[in-house]
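Okay, so here's the structure we're looking at.
Read-outs throughout are calculated quantities, based only on the coordinates presented, and are distinct from any laboratory measurement. Here the structure is a predicted model, which is why all the values come from computation and not from measurement. FYI the Cβ positions are ideal-geometry reconstructions off the backbone, even for glycines, and counts take in every protein chain you see.
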2 protein chains.
Amino acid sequence: MSIQKPSIPQGTRDFGPAVVVRRNYIFGIIRRTFEKFGFAPLETPTLENLSVLTGKYGEEGDQLLFKVLNSGDFLNKKNAAVTTEDLAAGSKSVLPKIAEKGLRYDLTVPFARYVVMHRNEITFPFKRYQIQPVWRADRPQRGRYREFYQCDADVVGTNSLLCEAEIVLMMSEVLNTLGLTEHTIKINHRGVLGAIYQALGGEGTEVDLFTAIDKLDKIGREGVEKELAERGFSAMAIDTLFALLGVGGGFAEKLERLLAAFVTAGVTPDNEDGYRGLQDLQRVYEFLQEFRFDNFQNLDFDVTLARGLSYYTGCIFEVKINNVNMGSVSGGGRYDNLTGAFGLPGVSGVGFSFGVDRLYDCLEELALFPHNAAVTTQCLLANFDAESERAALPILRQLRQSGISAELYPESSKLKKQFQYADQKGIPYLLLLGSEERAVGKGKLRDMRTGEEQLLELSQVVATLIGE
Amino acid sequence: MSIQKPSIPQGTRDFGPAVVVRRNYIFGIIRRTFEKFGFAPLETPTLENLSVLTGKYGEEGDQLLFKVLNSGDFLNKKNAAVTTEDLAAGSKSVLPKIAEKGLRYDLTVPFARYVVMHRNEITFPFKRYQIQPVWRADRPQRGRYREFYQCDADVVGTNSLLCEAEIVLMMSEVLNTLGLTEHTIKINHRGVLGAIYQALGGEGTEVDLFTAIDKLDKIGREGVEKELAERGFSAMAIDTLFALLGVGGGFAEKLERLLAAFVTAGVTPDNEDGYRGLQDLQRVYEFLQEFRFDNFQNLDFDVTLARGLSYYTGCIFEVKINNVNMGSVSGGGRYDNLTGAFGLPGVSGVGFSFGVDRLYDCLEELALFPHNAAVTTQCLLANFDAESERAALPILRQLRQSGISAELYPESSKLKKQFQYADQKGIPYLLLLGSEERAVGKGKLRDMRTGEEQLLELSQVVATLIGE
C-alpha cells in the first residue's frame, strides 16, 4: 500500500469537536423551535434518482448536481453499454448510461417527492422540518461550500396566513434565543411586486424590474435608475417606482399608503394579485398582533424585497443581521405548485429555511456562543499513581450517574501533561484525589479558568459541576 | 417538463416523522453516553477523495465504494481526456479519469485521515465519537441498506486498558437505558486466540481455525469438528481445542482455568501475546470491579469470539440481545495501526460502534420505545370559527413559551377533521376554546387516548401538559 499525504475534496470541511458542539447548539435551537410550532422531522436519502433531480433547478442546477457512477462495470451495463459513438458524442450522451443517481441538491425537491410518494398516508396540512446536508458542484470560494446543511420548515396543504405569521414568530424566536437581537425580518408579497410593475405601465420586463430592485442595497438608487433606463424604462416609470418604493411608515401605515398609491398610480381593481398581496400582508400583521408578537420593531414590510421570483407566489421573507456584514441568514415564502413536476398539482404551501453556516459566523463575530457551548467533558479526574487511579474509578462512575460528563486521564502521567490535556480540550474542572485528600474522604476541585481550588466532598463536587 | 412517478434508489430509505423521532431517541442515548465518558463529536465530509478510500477495505470494498463523477465535462478533463483506448480497456481504465471522489464507506478511515491531517493540533489521547451515515454499493436485501448510520467511539494514543473497561460500561449503559436489559457483552482477546492456535500444535492455518470457531453458534460442535478435520486439523488438536473452549466458570475462574489449560496444552511462556491476552482481560475485569460495575451477569468472556481478525490486535467485543433473534448490535476492539496507510505509524487505539438499525428493530420487537418517543406536538388547539381562532393565538404563544410543542389547526374546519389530524399525528391532547369555555376564562382539555375531558384554566393546562 503506497503512503499518501491525505486531503479532503475542495469545498468540503472536517468539523472538529469544538465546531461540532457549536453547530449542534445552533441546530438544537432551530430544531426545538420548529418542534414547538408543531413541525415534525423528515429525513430523505442522500442519494436520489437523477430522474427526480434533473430539470428541477434549471440548466445551471443540472450542471451543479453531483452524479454518482453506477456500481460494478459501469461501462457495460445491460442494455446500456457505452459505445465509441457515445464517447464521440460527449459527456451528455455518456452520462445517462453510466450514472442514475445523484446527491441531494436541496431539501425542497426531495420533500416534494416524499409528499407525492406518500400522499395517501400523509395527513394534511403536513408540517415538516428537515435538517440535512446538501451538495452542489459549485466552484468553491470563501463562504461557499460543496457540502453544507440546510434547515427547512414547510407547511403544505393549507392557504391559511396563520402559517406566514408563525414563520415570523419562528424566525424571531430562533434569532432572539441565539442572542441575535439586532435583526430585521423583511416581508413582502409577490402580488405587491406585480402591482408595482403594472403601476409602471408595463414597460420593460418584470424580471428586469425586479432584478434591478434587488440590487438597491448594493448599487443604490442612482445605480438602479441607470440600469432601468438602460433596460428601456421611461423616466416617468422610474419616478413612479421610487414614489412607491419610498412609501414610508410603520407596517400598518405603509400598507394603507401603498393602497392609496396603487390607486393613484393606476393599479386597476382587476389586479387581484396586487390587492390580495396587501390584504394578505394586512392579515399576517393582524395575526401577529393577536399573537401579542412583541418584536414589531424588527419586522419590516420591505417593498424592495424580491427573492427568486420564479418560485414564490405569495408572501416572501428574508432576514438580515443588522450588526454583521453578511447576506441573509434566513428566507422563504409561499409557493403554489410544489409537486406539479411529479404529477400532483395543486399542492401549495409556505416554507422557510435557516443558513447555519452564516448563523455560525454571526455568532462567532459577535461572540455570542455561550461559554459552555464548546465543552463536552466537564471534569477531568487526575491520575498520578495507581492509588489515585483506583480511588477515582467509583467517583468517576458516580459523577456520570449524576449526569456529569467526566473522564479519568487514562494513564498515570505528569500532572503538567494532564493540565494541558484539560486545557486544550476546554475542560473547566480538574478533580485531584491525592493521598491527603483521600485521607479526609475529599477531593480537590480546581477551576481551570480561575485556578481556584476547593477541598470538597463528593456531593459538593457534584453540586458544583451541576450548577455550572 | 415530463411528469414522472418518483421513486428513491434501491437500498435507500425515507424516514417519516414517527421513525425519525424514534431514531433520534436512540441516537440521543448513544450520544449522551459517549459524551458522559468524555468523547467529543467529530464530523467528516460525505465526499472523500478516492485516493483516501481506495485500498483500505480490500478489493471487495473498493467495488462497493460509491464513486462520484467529476463535475463539468467529465470526459474531457485537462490532461485526462477519455480515449477510445481507455474505453476499450474497460471500466478500470476509465474510472480514474472520470471520478476522483467517493462517498464515505465507514467512519474509521475518515477518522484515521483526520488524525493524520490534524495530528499537530490534536491533544492525545484523543477521544472522539462520530455518528454519521455511510454508503455501500452492496446488493440491497432485507436489513441491508446502501445508506445507513454508524455510531463510532474511539480513543487513540493510549494503551490503557481503562479504555476497554469503559467500553463495557458504555455498552452496558446504552443498552440498559434503552431497556435492552437482556443482553450479553462478549469479550475476548486476539492473543488468547493466538495461544489457542499454538496449543493446537500449529496445524492448519490460523484463519481456518478462527473461521471455523466463528461458526460454532451456527453449525454446532459437530459441524466445527468436521470442518476442522477437512482443513487438516488432527483429532488430537480438535480435542485440545474443545477442551480449551469448554473451560467454564465466571470471568475470573475462566481466566485462571484457561491459564492452567494453556500450560497443560503446551502454550510456551514465550507466547507473549497469549499470556498478555489473559493479563489484559484480568486487568479489564479488575477495572470493572473497581468501577463497581454491577452487570457482571451480562458480561461473558467468550473464547470463541473471533471478529474480523486482520484488524484487531488486543481485546475484542461483541454484543447480542438475548431475547431477539438478531446479529450483534455492537462490537469493537483494540487495533495497533490506525493511520499507517497515511504515513503515520504507531497510532494505536480502541473503539467500538453501535448498529442503530438493529437497535431500532430490537426496540420495536420488544415494544420498548417509550410512548412519548413518537410524539412531536403535545397539544392541538381546535379551530372552529374566527373567534375561537382569535382566542387561541395568545394561549398558543403562552404554551410555547412554557416549552410545550403546540399548534393551532390552521383553518376553521369540522371538528371531526381536526380530531383525525390529531389522531394521525399522534397528538395526545386537544384544547377546545368554545364560547362556553371562553365565557368562564377556561379551556376544555381532551386526552385523545382516553377521551377524558377537563375544564381547566390556562395554568392548569400548562401543568398537565408539562407533567406528561
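Observations on the model:
- Gyration tensor (alpha-carbon) shape descriptor, segment B:375-467, a/c threshold 1.5: rounded
- Placing one equal scatterer on every Cα of segment B:22-110 and applying the Debye formula, the log10 ratio I(q)/I(0) at q = 0.18 Å⁻¹ is -0.87.
- Fraction of beta bridges assigned by DSSP in segment A:375-467 that are antiparallel (%, nearest 5): 55
- Relative contact order of chain B, defined on C-alpha pairs under 8 angstrom at six or more residues apart (%): 15
- Peptide packing for A:341-353, A:449-461, B:124-136 was compared via the average number of neighbouring C-beta atoms within 10 Å per residue; ordered from the highest value, the list is B:124-136, A:341-353, A:449-461.
- With one equal scatterer per alpha carbon and no solvent term, the Debye-computed log10 I(q)/I(0) for segment B:9-160 at 0.08, 0.11, 0.16 1/Å reads -0.32, -0.58, -1.03.
- Around the Cα centre of the protein assembly as shown, unit charges on the Cβ atoms of Lys, Arg, Asp and Glu (plus for the first two, minus for the last two) sum to a dipole of about 600 debye.
- For residue A:206 and residue A:32, the FRET efficiency from 1/(1 + (r/R0)^6), where r spans their Cβ atoms and R0 equals 45 Å, is about 0.70.
- Each peptide among A:384-396, B:63-75, A:232-244 gets the average number of other Cβ atoms lying within 10 Å of its residues, and from highest to lowest they stand as B:63-75, A:384-396, A:232-244.
- Estimated FRET transfer efficiency when R0 is 30 angstrom, pair residue B:296-residue B:364 (beta carbons, to 0.05): 0.55
- Peptide A:42-55 has a mean shielding of 6, counted as Cβ atoms of other protein chains within 10 Å of each residue's Cβ.
- Charged side chains reduced to their Cβ positions (Lys and Arg at +1, Asp and Glu at -1) give segment B:375-467 a dipole of some 180 debye around its Cα centre.
- Cα centroid of segment A:388-435 to Cα centroid of segment A:242-294, whole Å: 62
- Pair-distance distribution P(r) for segment B:155-258, from all Cα-Cα distances in 10 Å bins starting at 0: 12, 35, 30, 19, 3 percent.
- A simple spin-label model places the labels of residue A:243 and residue A:214 2.7 nm from each other, with each point 7 Å out along Cα-to-Cβ.
- Of all DSSP bridge pairs formed entirely within the protein assembly as shown, close to 80 percent run antiparallel.
- Per residue, the convex hull spanned by the Cα atoms of chain A measures out at 236 cubic angstrom.
- 7 Å along Cα→Cβ, label-point gaps from residue A:447 to other copies, nm, shortest first: 4.7
- Peptide A:121-127 has a mean of 4 when you count, residue by residue, the C-beta atoms of other protein chains within 10 Å of its C-beta.
- For segment A:47-103, the tally of Lys pairs with Cα-Cα distances below 19 Å comes to 13, considering only residues 8 or more apart or on different chains.
- Based on Cα contacts under 8 Å between residues 6+ apart, segment B:247-361 shows a relative contact order of 16 percent.
- Here's how it looks for residue A:55: its modeled amide H is under 5 Å from those of A:62, which are all 5 or more places away or on a different chain.
- Translational diffusion coefficient of the protein assembly as shown (Stokes-Einstein, Kirkwood radius from Cα pairs, 4 °C, 1.567 mPa s): 41 µm²/s.
- Taking each DSSP H run with n ≥ 4 as -39500 (n - 2.57) and averaging over every residue of the protein assembly as shown yields -13000 deg cm²/dmol at 222 nm.
- Taking every residue in B:405-414 and counting other chain Cβ atoms within 10 Å of its Cβ, the average works out to 5.
- q = 0.16 Å⁻¹: log10 I(q)/I(0) that the Debye formula gives for segment A:105-146, counting C-alpha atoms only: -0.55
- Mean-position separation - Cα centroids, segment B:92-143 and segment A:53-74, in angstrom: 22
- Computed from the C-beta positions of residue A:59 and residue A:412 and an R0 of 56 Å, the FRET efficiency is 0.30 to the nearest 0.05.
- The lysines whose alpha-carbon is closer than 16 Å to the alpha-carbon of residue B:254, local same-chain residues fewer than 8 away aside, are B:186.
- For residue B:65, residues with placed amide H under 5 Å, excluding near neighbours: B:137
- Amide hydrogen proximity for residue A:14: with H placed 1.01 Å from N in the peptide plane, no residue at 5 or more positions away or on another chain lies under 5 Å.
- Of all lysines in the structure, the ones whose alpha carbon falls short of 30 Å from that of residue A:416, not counting any fewer than 8 places away in one chain, are A:425, A:442, A:444, B:36, B:127.
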